[in-house]
Every structure is written in structure tokens, then in C-alpha cells.
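This report refers to the structure that appears directly beneath it.
The values are calculated or read from the model by the stated rules, or taken from the named source; none is laboratory data. Note that the structure is predicted; figures quoted are calculated from it, not measured. Please note: Cβ atoms are built from the backbone with ideal geometry, for glycine as well, and neighbour counts cover all protein chains shown.
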Amino acid sequence: MDRDWARLGSALRAAREDLGLGQLQVAERIGVKRGALRNVERGEISRVTPTVREYARIVGWTEASIDAVLTGGEPTREAAVPPDGEVTALVDSPEELPLRIKAALAGGGPVLDTAVINLPGEDGEDSEAQMVIIVKGRGGDATPEQIKRALLQWEKAEAQIRRSGKE
């Protein structure tokens, strides 16, 4: 059975970025140098190490997710582990959200996906700010085909957003 180490690395990196975590943050939490994390993300490994297992735990994957991704499957998510080990809300209550966000969330349509993207900082490093994106369908009665099209549109837009942050 072939194991796709590059696929595993890409999936871990994407999960880390979705959580808005920088490489250095994750490396420090694991207790390794940033280069070790970079090697994992590039697929420049040949076995599942404690570093890989801890990385998966930090991004919220179940224990079986590593093997699933290595063999072409998808990870199963549990709750990600925040940097301080405690789960905290970004806002204490929905009332603290800006009015236009509350209005958009209150409208009909399913939440299709979310992303947390680190804003670019100086010298290619992550800044201290993040962008939180909630992707929502427009209508509450969307067909599966309409939802599929919306998700494909979001995938293209997300890739463009992530690329523009690395330029």
C-alpha cells in the first residue's frame, strides 16, 4: 500500500492555516524547530513520528486521520487544541459581532465552510492579525447542485485569497 507523505503534509498545512496558526506557533507547541515542521508539511518524511501525531492532534484530527490521509482518505476532525489548551470564544456573545455580520448570518442559507487566514506580515512572516471567513449559501432551499457550485466557487476564491497573502 502506497503512503502519500506529500498529501499528508499538505493536509496538515491546510488544517493549520484554516485554524490561523503559524508554523512557528505549532512548532513551539510541539517542541520542535520550525524546520522539522516544514519537512512534515513538504512530505519530506517517511514514517509517522511523535511530531506528526502531535501536529495532527493540534489541528484537531482524530488518531486514525493520519493513516486515512496517507492512503487517500480524508481526516476526521475533533476539536482543535488552542495554544493555551483552553477553549475560548472569539467574542463573548453574538451581540458583540458587527451589525452587518449579524445580518448576513441571520439571513437564509446554510453555512458552507469557514476559514481563518493569517494576514501577511513583514518579511513573509505571519502578522498578528487574522481574517475570519464564513462562507454561506444564499438561499435556504438550495439544491445539492447549487451547493456544489457554491463550494467550487469558494475553493477558487480561497485559493486566490491565500495566494495573494503570500506575494
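So which residues in segment 35-75 are closer than 18 Å to GLU17 by Cβ and out of contact with any helix residue (DSSP H, G or I) (no Cβ under 9 Å at 6 or more places or on another chain), if there are any at all?
ARG57
Could you list all residues from segment 104-127 that are under 18 Å from the mean Cα position of the chain (by Cα), at pLDDT 70 or above and surrounded by 13 or more Cβ atoms within 10 Å (Cβ to Cβ)?
Answer for segment 104-127, where residues must be under 18 Å from the mean Cα position of the chain (by Cα), at pLDDT 70 or above and surrounded by 13 or more Cβ atoms within 10 Å (Cβ to Cβ): LEU112, ASP113, ALA115, VAL116, ILE117, ASN118, PRO120.
Among the residues of segment 16-42 satisfying the criterion of being surrounded by fewer than 16 Cβ atoms within 10 Å (Cβ to Cβ) and touching a Leu at 6+ places or on another chain (Cβ under 9 Å), which is farthest from ASP2 (Cα to Cα)?
So, considering only residues that are surrounded by fewer than 16 Cβ atoms within 10 Å (Cβ to Cβ) and touching a Leu at 6+ places or on another chain (Cβ under 9 Å), the one farthest from ASP2 (Cα to Cα) is LEU24.
Output the residue which, of all residues in segment 1-42 that are under 18 Å from ALA159 (Cα atoms) and assigned to a loop (DSSP other than H, G, I, E, B), is modelled with the lowest pLDDT.
Here the residue is GLY20.
List the residue pairs whose Cβ atoms are under 7 Å apart, where the first residue sits in segment 139-162 and is in contact (Cβ under 8 Å) with a residue 40 or more places away in the chain, the second is hydrophobic (A, V, I, L, M, F, W, C) and surrounded by 12 or more Cβ atoms within 10 Å (Cβ to Cβ), and the two are 6 or more positions apart or on different chains.
Partner pairs satisfying both residue conditions: TRP154/LEU112; TRP154/VAL135; GLU158/ALA115; ILE161/ILE117; ARG162/ILE117.
GLY140: modelled with pLDDT under 80, of a type outside the set (Val, Ile, Thr) and surrounded by fewer than 14 Cβ atoms within 10 Å (Cβ to Cβ), yes or no?
Yes; evaluated as a whole, the condition is true for this residue.
Could you grab me the full set of residues in segment 43-52 that are surrounded by 14 or more Cβ atoms within 10 Å (Cβ to Cβ) and either touching a residue at least 24 places away in the same chain (Cβ under 8 Å) or part of a helix (DSSP H, G or I) (or both)?
Passing the criteria: GLY43, ILE45, THR51, VAL52.
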